[in-house]
Structure formats: C-alpha cells, structure tokens
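Worksheet for the structure shown next.
The values are calculated or read from the model by the stated rules, or taken from the named source; none is laboratory data. Bear in mind that the values here come from a model prediction, so they are computed numbers and not experimental data. Every residue, glycine among them, receives a Cβ derived from its backbone with ideal geometry; neighbour counts consider all protein chains shown. These area figures cover heavy atoms from the full protein model, side chains too; ligands, DNA and RNA do not enter into them. Shrake-Rupley method; radii C 1.70, N 1.55, O 1.52, S 1.80 Å.
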Amino acid sequence: MTENTLEIKNLRHSFNTDIEVLKNINLNVSRGEIVSILGPSGCGKTTLLRIIAGLEKQTGGTVNINETIVSDSKSFVPTEKRGIGLVVQERALFPHLTIIKNVAFGLKGKKDEKYKIALDLLKLFKVDGYANNYPHEISSGEQQRVAIARAMAPNPKILLMDEPFGALDHALKSELRDETKKIFKDNGTTAIIVSHDFDDAISMSDHVLIIDDGLVAQEGSAKDLIPITRKNSFKIA
Amino acid sequence: MSYKNFFDPWIILPTILFAIFVVPVVWIISSLFGEYSDNWTHIYNYTLSNYIYNTIFIIIGTSIGTLIIGVGSAWLVTTYNFTGKNILEWALLLPFAVPPYILAYTFTGLFDSYGTANNLIRDIFSLPHEFIFFPKLRNVYGASIVFSFTLYPYVYLVSRMAFINQSRSIMEVGRTLGFSKFKVFYKIGIPSIRPAIIAGLMLVLMETISDFGAVEHFSVNTFTTGIFSTWFGLYDFHTAKQLAALLLIVVITFLVLEKYSRRKNRYSSGSNVFGPIVAEKLRGSKNFFASLFCMLPVFVGFVLPNIQLAYWALNYKLEFFNEKFITTAWNTFYLAIITAIICALLAVIINFSIRYKKNKILNILSSFLTVGYAVPGLILALGVSQLLVFMDNLLFREYLDFVLTGSLVGLVLAFIIKSFALANSTIESGFLRINTRLDDVARTTNTSGWKLLTQIHLPLLTTSFLTSMILVVSEVIKELPASLILRPFNYDTLAISTYIYAAEERMFDAAAPSIAIVGVGLLPIIILSRLTVKSRPGYRNNDSHYQSY
Ligand SMILES: Nc1ncnc2c1ncn2[C@@H]1O[C@H](COP(=O)(O)OP(=O)(O)OP(=O)(O)O)[C@@H](O)[C@H]1O
Ligand SMILES: [Mg+2]
C-alpha cells in the first residue's frame, strides 16, 4: 500500500454530553484515493469531517495527515495550517466577492498568477464564463462547481466534501458527479465525500465506509459493497 | 389601471397624503433656486465653512465611534460566550432610550470643570480646587462621543442581524483556505456584511446631522444651529430655508446610500442553509475584555446619564410631580397618542390599499412616504410652517387671522411625517403575516373592502397596531427641534422643558422631564429585544421590523 494521506485511529467524540457521537472510528485514505462515507442522518458524518478539518477537537484518538499528527491528546494543528479543502452542501461562496476572486481567495502569490490558476480551474468546471459575476447571479449547480474549484485551488492534501451534491436535482447531480470524478482522477486529488446517496458513493469512490451508531458498520470497495447493502436494505435517511 | 381608479377612495387618500408629505420638502429645496439675500452672503463668507468643518468632523468621529462599538459588540455577542453576555446582548440596546441631547446635558453635568466627575476625583484624591481631570466636552470631540454612545445601537442591531444570518460555513471554508480566525473575521466576516453595516451607519449619520439639542448645548455650530439662528436670530426665513436645503441634500445622499446598501445586503446574505450558531466560550483575560468591551457602551450611554439624572433629582429634592411637570407630561402624552393613532391608521389604510388594489403606483407612493423619518425635525418645522401659513391664507383669509399656524395641527403634522415609517414597517409586516387566502375567500363571498378591513384584517392586526403606536409615541416624546418651533404658545412638552432648563443651566430641573423621556424610550427597546430573538433564522418573516430602524 502507498503512503497514507489520512490516517484516523480510535477516534472518539462527544459534545459535552454522555452520548458518544463517534465511538471508535478507524480510517485510512491513501494518496489519490476517493472515499465515500455513508450513514443515516445524525450518525456523525459531518462531525467526522469537522474533526479532520480541525474545526472540532475530538475527545479521543489520533488524526494524521501525511504521516504527521495533526490532532491527538497532546497536539492540535489549527485548521488553516492543515492544508485541506472543504466543500459543503450550502456552497458557502463569499457573497461579496466575484467568482474568480472566490476561487483565488486561498491562493498566495502574485495577482496574475493567482487569477490564472483560478481561471484554469473555472474552465475545468465549465464556469469560466461567470468569472466576474457574483455568487447570487449564478445557479446553484454552478455555485457548487465554483465551490469545488475554490477548494481545489490551493492544491490541498485532502479534499473534504460534505454532501456536495445534496441540493442539486437528479440530472444535474449525475452530470456534475461524473465530471468531478474525472477531474479528481486526472488531478490525483485525494477526497472524502460524505453522502446520503448510494449512487453518489458508488459512482464516485474507490472505497466506501458506512457509519452507524458511531462505529464503522461496513467498509469495502464500491463494487463489493453493492450486494451487501442492497441485501441488508440499509435505510437511507 | 383605468381612469376610474382616480376616483377610488383607496387611491385618492394616499395620494393626498403623499402631497402633504412632499410639498414641504419641495418648498425647501426650491428655495435654492430663488434669490440670495445679504444674510446668505454673510453666512457664505464667514460661517458656512465652519458649519461644514464641524459637520464633517462630527460625521467622521461618530462613524468611527459607532462602527467600533456597534460592529465590535455585535461580533462578540454573536460569536462568543462570555460573562454577562445574555444580559449585555439586549442591554446594548438601552442607549436607544437616551436621546443625544439628554446625554449631552448629563455629560456637561458630569464632566464640566466643576461637574460631578471632576469633583469626585478631587474629593477622592484630595486634589486642589484648580485640578481638572476630565477634559472639556463642549466641542466637536464631545459631540462625536455623545453621538457615538447614543446612536451605535443602529449599527449594533443591523450588524448583529447580519452576523446571525451569516452562514457559519463561510468562515469555516475561509479557515480551510489558510486564514486564521482573526483574518477570516476581517477578510470575510466584515466585508461580507459591509452593506448591512453601511445601512446602519447611514441611519446614524442621518440622526447625527439632524441633531439640534446636543450640538446647541455644546455650542458647536453646525447646519442645524445655523438654520435656527438665521431663522430666529436674523428672522430671515428664506436664508434659513436655503441652509436647510443644503442640509437636506446631504441627508438625501445618506438616505440613497442606505436604501442602496439594504438592497445589496439582500443578495449578499449568502445561503439559506444555516449551521447553528455555536458560540465559543471565552476564558480568562479574553473573557474579561469581551465583557468590558460590551459593558462600556451600556455604561456610558445609559447607566452613567441615569446616575447623573437620579443624582440631580435626589440631591436637589426635586418635586417630581409638581403641577408644571404634570401639565407638561400630559401635553406630551396627549400629542404622542394623537400622532400615534393617526400614524397607525394611515399605515393600515395605505397598506390595505396596496394589498386590496394591488396597485404599483400606490406601492411607489408608500415607499416615498416612509422616507419622512430622514428629514431633520428642524427642516420639517420650516416646511410645515410654510405650509400652514399658505393654508391659513387660502382658507381663513377673511378672518385675517392665523388659525392653523401656531396650533397643534402643525406639530401633529410634522410628527406624522417624521414617524410614519415606524408605524408603517410594523403594520406592513403585520399584513404580511395575514394569509392572502383570507382575502380570496372574502372576495368570493362578495365582501366589500371596508368589511374585509374592519372585520377580518383589523382584529388580526391588533398587536401590530399597538406595537406601531408604542414606537411612534417614543419617537414623538424624544423629538426636540420641531416641537420647539411648531408648538403653540406656552405649550411645553417634556423635550421642550428639558431643553429650556438645560439652556438656563438649571440641570436639576431638567432631570424630571429627562427621566420621563428615558423611561418612555425604554418601551420600544423591550419590543425590539423580543423581536430580535424571534428574528433568528427560521423566523425570517419578522425582520421587516428592522428595516426602518
Ligand atoms: N456542536 C454540536 N453540539 C452538540 N451536538 C452536536 C453538535 N454538532 C452535532 N451534534 C450532534 O451530533 C450528532 C451527529 O451530528 P452530525 O451533524 O455529525 O450528523 P450527520 O451524520 O452529519 O447528519 P446529517 O446526515 O443529517 O448531516 C447529532 O446527534 C447532532 O445533534
Ligand atoms: Mg451532516
């Protein structure tokens, strides 16, 4: 196996209560791999992503990125130093910045260079025509393309996506899903995608993780998992 | 729209009203195109630059002050938990109850060379009589401080709403893109709510340049004091109007900026999916400074002036309920209630007309009517006086007497123009909450407009009606310059008697009416703080209450 981009060991988490949202999560993601996380609503998928991003500090366990500890009981690397990209369902584009400025926001260096990288990404996601528009002027599908482009721009070690296609209609969703997968594979992007939707998981990822009751209920390659899950008629919340 | 509409009472009434609102303003502006007298030349050559300098200084000072206090406290209160936060969150609105002129009066009582604060310092440290610790406040610096601490709640309210509505994800995405918490705050947090902040700031500035009582007390010459002295010192009505027109142009600029920013804000309020606001707990010195930062404006803008007022009232064995006070209070109350009832009724009729007739022109008219609040009281007084003289000439010429001029009519008219927007915003959102299905059902059963209004809408609007009345009452009670000019002979209101006592430096006598004004001013804050809680995401229909604030 190649070097692990992300390594999570014995991760536990609870929010100031006795209820443990995450009980014992172990997860390895190798470079260039796309992993999907599935599970019923409230099982802690978002919480897991937030812990990886450093937006939440776990109660116990370790998170490693690129073979270095970013969070355990002793140390904690803040979000901005972890080199991750985040895409959320509500897109969260900066409303006061144009599309191109949104994508260039996380980039360092000369203005021309930043805008060139940003524009190339916009082209890749077929939204370069809106470079100088504001977020509220484009459709939600286009907004989501911009949000993914923005997260990829600084070339993060790992891209975290929380239900990135959740708000889109069916046709739009499968189109964007396929394009995104191709871009990720061409680019060698490492990504974790949280989803409610089996189709998302199956069509996009190399590896699927199903979380239930704070534990990893099932795990395997996308192909292996289909029969099992169908048989168990796992309920999608 | 057919010609028939012109004779429809639901349309005629708002149109007449519109004319009454607009004519005074047009009169003022048109004076700029008239003759310029010697007084104008004198003012232009000698004092105008001073007015402009002082006004600009105060605008800049007040902007800096209200932005730091308003945005800073709004940000602390929405993103952190610290000692006293739950109380401070609404206590920060309290200075709304203290009009700038009352804060100015108490400040001179506190900080003048032999004021309470300097005496206290001398007593405590047994310093000589000549020692003066607090610097003089009767200047542009003092005026900026007074406006900052009484008007910041406008900025606080809008920024707090904007921070609450701001998607948490935006900040978090910013952090993953490599920015620290503080950098995210000033690179995304502030800029993305900039339109809201500007809208709030424009309201502050409109109030600031409209103020007469505070700058007059501090002997700072601005446009308002200039208009007043030209009118009542030089008896040059025309030149006063020309000065007023200049001021009005500035006000209109701020007003346009405010409306524009508000529109822009609607787009930039990001996503419609909200993460819950998870306030982070502060500890140690951070906790201390956050509390202190939010406590200071409440202390300076509310607690301190009230301590001084109470001190005057108690120390000088003030007869709170003497006959003069009771008459004055009654006059004020009576005037306020009449205005409030008329405003609320007008707002009901106009909003009903818009809803019932679905008429675009009415809609435009009504949005014009709501800008009356922006017209400084002093300018309203000018315009309304002229309107009354005109009407007197027109209607009562044969009696050779002024009937309307110097009657309560002028005062009520000015107050209606000034506070209609307040009543309207509440009534408007009240109407929005009434399901239009009710109207449809009524129409199918052939119910008349009048019956629909009185038997279905009005009963459902009771709370909005009362709320709008309270807002208007508190506005009327605070109002100073228009009251001072338009009042009938010897008709004192609370604000006027406060002003007159303060002008005579009889501060202890000014205490009782001031306390009454502040007391009534607390009512709308109670309403406002209740609405603020309701207007969190999920209760989003309610936020039209803020639009006029
Ligand atoms: N800040 C918080 N404080 C307290 N409890 C929280 C907090 N955030 C999440 N929770 C709780 O933790 C549990 C897991 O939440 P999480 O958002 O991670 O679930 P999820 O799997 O992402 O759900 P969904 O599929 O609906 O997005 C829920 O019960 C939720 O109520
Ligand atoms: Mg979630």
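Quick look at the numbers
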| item | result |
| --- | --- |
| 11 Å cut-off, amide nitrogen to a point 7 angstrom out along A:GLU179 Cα→Cβ, residues in segment A:116-151 | A:122-129, A:141-146, A:149 |
| Chain B shape via C-alpha gyration tensor axes, a/c threshold 1.5 | oblate |
| Test item: Cα-centred dipole of chain B, Lys/Arg +1 and Asp/Glu -1 on Cβ, debye | 2780 debye |
| With DNA, RNA and ligands ignored, accessible area of B:GLU130 (1.4 Å probe; Å², nearest 10) | 130 Å² |
| Over the protein assembly as shown: helical MRE at 222 nm, DSSP H runs n ≥ 4 each giving -39500 (n - 2.57), nearest 500 | -19000 deg cm²/dmol |
| Accessible surface of the protein assembly as shown, 1.4 Å probe, proportion on carbon and sulfur as whole % | 61 percent |
| Largest-first ellipsoid semi-axes for chain A, taking √(5λ) over the Cα gyration tensor eigenvalues, angstrom | 29, 22, 16 |
| Solvent-accessible surface (1.4 angstrom probe) belonging to B:SER30, in square angstrom, nearest 10 | 50 Å² |
| Residue (of B:TYR501, B:THR328, B:HIS457) at the positive-pole extreme of segment B:327-534, dipole from beta-carbon charges | B:HIS457 |
| Inter-label distance for B:ARG437 and A:GLU137, nm, one decimal - labels placed 7 Å from Cα along Cα-to-Cβ | 3.9 nm |
| Computed accessible area, B:TRP90, all protein chains, 1.4 angstrom probe, square angstrom | 120 Å² |
| Calculated FRET value between B:ILE87 and A:THR59, using beta carbons and R₀ = 35 Å, to 0.05 | 0.65 |
| Extreme residue, positive dipole direction of chain A, given options A:LEU107, A:LEU209, A:ILE19 (C-beta unit charges) | A:LEU107 |
| Per-residue HN-Hα couplings for segment B:65-73 [Karplus 6.51, -1.76, 1.60; θ = phi - 60°; Hz; x = Gly/Pro] | x, 5, 5, 4, 5, x, 5, x, 5 |
| Partner chain coverage, peptide A:98-107 - average Cβ within 10 angstrom | 2 |
| Solvent exposure of segment B:1-131 as accessible area per residue, Å², 1.4 Å probe | 51 Å² |
| Listed residues B:GLU207, B:GLU35, B:GLU479 arranged by accessible area, highest first, probe 1.4 Å | B:GLU35, B:GLU207, B:GLU479 |
| Chain B, relative contact order in percent, only Cα pairs under 8 angstrom and at least six apart counted | 21 percent |
| Unsatisfied cross-links (Cα-Cα over 24 Å) in the set A:LYS108/B:LYS183; A:LYS81/B:LYS264; A:LYS9/A:LYS74; A:LYS45/A:LYS114 | A:LYS81/B:LYS264; A:LYS45/A:LYS114 |
| Centroid-to-centroid separation of segment B:441-520 and segment B:150-165 [C-alpha atoms, Å] | 24 Å |
| Label-to-label distance, nm, for residues given as A:SER75 and B:ILE307 (7 Å Cα→Cβ offset) | 5.1 nm |
| ³J(HN,Hα) computed for each position of segment A:142-151 - Karplus, 6.51 cos²θ - 1.76 cosθ + 1.60, integer Hz, glycine/proline x | 5, 4, 5, 4, 5, 4, 5, 4, 4, 5 |
| Where labels lie 7 Å past Cα in the beta-carbon direction, separation of B:TYR44 and A:LEU172 in nm | 6.0 nm |
| Average beta carbon contacts from partner chains per residue of A:80-91, 10 Å cutoff | 5 |
| Degrees separating the helix A:222-232 axis from the principal Cα axis of chain A, which is the longest one | 50 degrees |
| Neighbour cut-off at most 15 other Cβ (10 Å), DSSP loop, trypsin sites (Lys or Arg not before Pro), segment A:19-57 | A:ARG31, A:LYS57 |
| Accessible area buried between chains B and A, both sides summed, probe 1.4 Å, in Å² to nearest 100 | 2100 Å² |
| Candidate residues B:ARG437, B:ARG194: accessible-area rank, largest first, probe 1.4 Å | B:ARG437, B:ARG194 |
| Ranked order, B:PHE228, B:PHE293 - accessible area, probe 1.4 Å, largest first | B:PHE293, B:PHE228 |
